[in-house]
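Asker: Below you'll find the structure I mean.
The values are calculated or read from the model by the stated rules, or taken from the named source; none is laboratory data. Source: prediction; values computed, not measured. With ideal geometry, Cβ positions are generated from the backbone for all residues, glycine too; neighbour counts draw on all protein chains shown.
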Amino acid sequence: MVLPSRVFSADLFGSLIREERQRQGLTQTQLAEKVSMTQKAISKAENGNPAITLGIMLHLLSALNIDLVMKQREAVVLKGDEW
């Protein structure tokens with residue numbers, strides 16, 4: 001799977017989590033067990049719930065062996081629910 005170079009919305013983050021979970025052959029329930037969450041919480045995250053916390057994001061990324069890399073970005077104008 002080629003990961004996007006930038007994740008700027010909850011929807012894109014959710015898609016990334018879903019695709020990687022499926023690539024690894026995990027169900028939502030199995031991923032939930034790895035991160036001590038409910039299957040419903042995983043579903044919400046994968047469906048782009050904008051209320052997901054940084055802590056939950058970090059747990060999901062870690063469980064899926066995805067690194068979070070932060071760098072200063074060039075000036076970009078974001079629209080709508082992009083962040």
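Here is a yes/no grid of residues against (1) under 10 Å from the mean Cα position of the chain (by Cα); (2) within 25 Å of LYS79 (Cα to Cα); (3) buried (at least 16 other Cβ atoms within 10 Å of the Cβ); (4) among the basic types (Lys, Arg):
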{"site": "GLU19", "(1), (2), (3), (4)": "yes, yes, no, no"}
{"site": "GLY25", "(1), (2), (3), (4)": "no, no, no, no"}
{"site": "LEU31", "(1), (2), (3), (4)": "no, no, yes, no"}
{"site": "ALA41", "(1), (2), (3), (4)": "no, no, yes, no"}
{"site": "ALA45", "(1), (2), (3), (4)": "yes, yes, yes, no"}
{"site": "ALA63", "(1), (2), (3), (4)": "no, no, yes, no"}
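Asker: So, one more: Do we find a residue being modelled with pLDDT under 90 and small (Gly, Ala, Ser) anywhere in the stretch 30-42? Don't jump to the end; show me each part of the working.
Answerer: Here is the first cut: in the stretch 30-42, the residues modelled with pLDDT under 90 are none.
Among the residues of the stretch 30-42, not one is modelled with pLDDT under 90 and small (Gly, Ala, Ser), which makes the answer no.
Asker: Please count how many residues of the stretch 3-51 are in a loop (DSSP other than H, G, I, E, B) and closer than 18 Å to MET70 by Cα.
Answerer: Within the stretch 3-51, the first condition is being in a loop (DSSP other than H, G, I, E, B), and the residues that meet it are 3-9, 24-27, 35-38, 47-51.
Those still in the list that are closer than 18 Å to MET70 by Cα too: 3-9.
So the count comes out to 7.
Asker: Cβ-Cβ below 7 Å, separation at least six or inter-chain, first residue in the stretch 35-51 and on the phi < 0 side of the Ramachandran plot, second assigned to a loop (DSSP other than H, G, I, E, B): which pairs?
Answerer: Close Cβ pairs satisfying both conditions: ALA45/ILE52; PRO50/ASP81.
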